[in-house]
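Data first, discussion second: the structure below is written as structure tokens.
Any read-out appearing in this document is the output of simple, stated calculations on the displayed coordinates, not a laboratory observation. From a predicted model like this one, the values you see are computed outputs, not experimental measurements. Please note: Cβ atoms are built from the backbone with ideal geometry, for glycine as well, and neighbour counts cover all protein chains shown.
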Amino acid sequence: MMQHLKTTATALLASAAVLTMSFSSFADHHEAGEKMKQERPAGDIARDAGRKPSQVIEFLGVKPGMKVWDHASSTGYYTAVLSEAVGRNGMVYAQNRPASWERLKDALGPRYEKLGNVDPFAGNITDFEGGDGEFDMVFTALIYHHMHYSEASGDGTPDTSKTFYAKAMEMLKPGGMYVIIEHQAPDGTSREDSAGWHRASLANAITDLTAAGFEYVGSSDVLANPDDPQNIPFRELTSGRDSSQRYVAKFRKPK
């Protein structure tokens, strides 16, 4: 009987410990989520309906503790989303060009400081002097259409972009992810035409990134819009902001 009581007591203590740990984990996540909401402008929150950040983060596999490079982070919409996803033990490097950061720093600096896991970086990716293989993800949103075409390269990958991909490859851990979110142009569209629409095809992204040594993992249609003809500038869509058909594509550095 005493042994049974001891066993029962041990089980109850173990259950209590699990509940305590679960509550602690929940509390930490809730605290992080509330903190992020406090640091997100109302305008960013209003864009969630069109950008579906929870579904995007789930598809990308962003986990607590990750280190993410957010390239051309601009006003920080995705920076804040990534900040919550990587948690207090993770880190997000929010990259902007020096001129852009000079314009944005008064608004973004205090916000990032409060988040506690965002480090702003003003400069080109090639200026980053950290160690090789230290990032879990290089995240690029709505900038590939600026990277996939130049007059000199025609329908080939621009040399400046080849340099960019090589640096991203160095920065990523083996198995790390390179991410592209982009306004979609129909596959088979010339790079010149799609660049004029501020779009890029998924086929071109696959061509460029696999040529740079990345493995194509897959893409999500979470941001699909069948009413988008894809062959006009996305800003001309009558459905409004964040309504274009966009692909979310993952590429992996080989292990």
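Tabulated data
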read-out: Order of Ser83, Ser190 under a 10 Å beta carbon neighbour criterion, fewest first; value: Ser190, Ser83
read-out: Among Thr160, Val138, Ala49 the positive-end extreme of the charge dipole of the stretch 42-252 (Cβ point charges); value: Ala49
read-out: Sorted by Cβ neighbour density within 10 Å, fewest at the top, the residues His148, His183, His198; value: His198, His183, His148
read-out: Segment Asp221-Ile143, extension gain: residue separation times 0.36 nm, minus the distance between their alpha carbons; value: 26.3 nm
read-out: Pairwise label distance in nanometres, Ala99 with Arg241, each label 7 Å out on the Cα-Cβ vector; value: 2.3 nm
read-out: Trp69, Trp101 arranged by Cβ crowding within 10 Å, fewest neighbours leading; value: Trp101, Trp69
read-out: Cα centroid of the stretch 190-225 to Cα centroid of the stretch 37-96, whole Å; value: 21 Å
